[in-house]
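One structure is given here, and the rest of the page talks about it.
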Amino acid sequence: MLFRDLQKQYDRNREQIDAAIQDVLNEGMFIGGNQVRVLENRLAEYTGTKTCITCANGTDALLLALMCWNIGPGDAVFVPDFTFFSTAEVVSFVGAVPVFVDVDDTFNMDVASLQEAVETVEKEGRLTPRAVIAVDLFGQPADYPGIRRITDEHGLKLLEDGAQGFGGEIDGRKACSFGDISTTSFFPAKPLGCYGDGGAVFTDNEEWAALLSSLKVHGKGSGKYDNIRIGMNSRLDTIQAAILLVKLEAFCKYELEAVNEKAASYTEQLKGQVKTPLVKEGFLSSWAQYSILLENQERRDGLKQYLAEKTIPSMVYYPKPLHEQEVYKKQGLKQYTSLEDAASISQRILSLPMHPYLCDDEISRICMEIYGYVEG
Ligand SMILES: *Cc1c(COP(=O)(O)O)cnc(C)c1O
């Protein structure tokens with residue numbers, strides 16, 4: 001059994017994927033081929049945003065957004081304490097200071113904690129609060145209605161890190177459309193993944209879209225060899241775009257629905273045994289991960305070991321909250337709000353095998369083994 005079975009996905013879509021790659025080989029436009037533009041249009045249409053700009057990976061996508069807003073030294077950017085490192089790394093990379101915010105029982109940014117962090121930074125007066133990066137962790141959109149109230153009240157930009165969130169919804173509105181700028185990643189294991197690295201930036205603001213398009217190509221002006229600002233080299237190559245066009249179709253046609261059926265099946269069978277993931281009323285998750293909570297670290301590590309002995313893979317996302325990462329401890333980064341829940345979750349969380357091609361038999365066996373551990 002695999003944690004995320006990409007081979008099954010390939011088997012099911014092999015003919016189309018092979019043909020799409022062969023087309024690129026025949027056409028020879030490896031960078032900037034027509035497939036890239038077609039994909040950008042489809043992604044914008046799917047998410048309901050005006051523009052989509054593809055780039056090299058999900059980390060660059062976040063970085064481009066911060067560069068677009070000219071965020072740098074002296075600025076504070078609020079990020080959840082419980083997420084993949086990239087979310088905070090890009091803030092530090094541009095010279096700004098990440099301010100960590102605690103998470104709620106959906107594993108996403110806690111709105112009350114955000115409010116407290118913003119107000120404390122304002123009161124202190126040392127840093128200029130500029131933006132919030134909210135993460136759609138494990139596939140569920142963050143609480144954008146709640147977060148928007150805070151960003152509006154304090155004049156902050158909102159950046160949606162939808163690296164794990166592509167396909168999620170709030171009241172029918174698609175993820176990657178909730179930020180002033182939103183981003184995603186096409187790393188192979190994400191809800192919509194390619195066969196290498198890839199990413200995208202989404203926005204309704206045409207001025208920013210033009211700036212982002214320049215920043216991702218060496219700060220280009222009207223032509224390729226006309227450079228009007230310092231940018232970077234961040235492109236999605238044509239083969240990845242061609243692969244994503246096939247995978248996006250499968251994602252829309254059946255994968256998103258299938259993965260929600262798998263999640264429902266897990267939740268039904270694990271009810272009362274362990275704490276199953278909470279999806280809020282009106283929210284839809286794209287289930288980048290299906291994560292359960294145990295009572296404490298000992299029980300979590302014990303279950304992971306127990307499952308491994310039965311050849312069932314499981315993963316700890318994430319073993320440390322960001323404020324406990326060595327680099328930030330060394331910097332002596334200041335804390336502006338309690339980060340207790342993020343710390344507790346990182347000790348108790350365990351992610352189970354999850355993907356649209358998981359069989360019902362596999363889910364039943366995983367749940368039976370968990371049942372055996374919990375009862376035993
Ligand atoms: C994967 C991920 C990223 C980075 O995406 P890459 O394509 O690997 O650079 C950023 N944020 C979150 C929450 C992620 O899960």
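The values are calculated or read from the model by the stated rules, or taken from the named source; none is laboratory data. Keep in mind it's a predicted model, so treat the numbers as computed, not measured. In this analysis, Cβ positions are derived from the backbone assuming ideal geometry, glycine residues included, and neighbour counts consider all displayed protein chains.
Filtering the range 58-103 to residues that are in contact with a strand residue (DSSP E or B) (Cβ under 9 Å, 6 or more places away or on another chain), among the aromatic types (Phe, Trp, Tyr) and in a loop (DSSP other than H, G, I, E, B) leaves TRP69, PHE82, PHE84. For the range 314-356, a residue qualifies if it is in a loop (DSSP other than H, G, I, E, B), surrounded by fewer than 19 Cβ atoms within 10 Å (Cβ to Cβ) and over 18 Å from the mean Cα position of the chain (by Cα), and the qualifying residues are GLN325, GLY332, LEU333, LYS334, GLN335, SER338. Within the range 127-162, being in a helix (DSSP H, G or I) and within 16 Å of the ligand (Cβ to nearest atom) holds for LEU137, PHE138, GLY139, TYR144, ILE147. Going through (1) charged (D, E, K, R); (2) away from the ligand (no atom under 16 Å from the Cβ); (3) assigned to a loop (DSSP other than H, G, I, E, B) one by one, ARG4 falls short only on (2). Of all residues in the range 88-117, how many are closer than 23 Å to LEU64 by Cα, in contact (Cβ under 8 Å) with a residue 24 or more places away in the chain and more than 22 Å from the chain's Cα centre (by Cα)? Result for the range 88-117: 0. Examine the range 174-186 for a residue that is of a type in the set (Asp, Glu), within 16 Å of the ligand (Cβ to nearest atom) and modelled with pLDDT of 95 or more, and state whether such a residue exists. No, there is no match, as no residue in the range 174-186 is of a type in the set (Asp, Glu), within 16 Å of the ligand (Cβ to nearest atom) and modelled with pLDDT of 95 or more. In the condition set (1) part of a loop (DSSP other than H, G, I, E, B); (2) buried (at least 19 other Cβ atoms within 10 Å of the Cβ); (3) in contact (Cβ under 8 Å) with a residue 60 or more places away in the chain, CYS194 is compliant with all but (3).
Picking from residues in the range 16-57 that are assigned to a loop (DSSP other than H, G, I, E, B) and out of contact with any strand residue (DSSP E or B) (no Cβ under 9 Å at 6 or more places or on another chain), the one that is surrounded by the fewest Cβ atoms within 10 Å (Cβ to Cβ) is GLY28. Candidates in the range 79-126 are the residues that are acidic (Asp, Glu) and within 16 Å of the ligand (Cβ to nearest atom); of these, the one that is surrounded by the most Cβ atoms within 10 Å (Cβ to Cβ) is ASP81.
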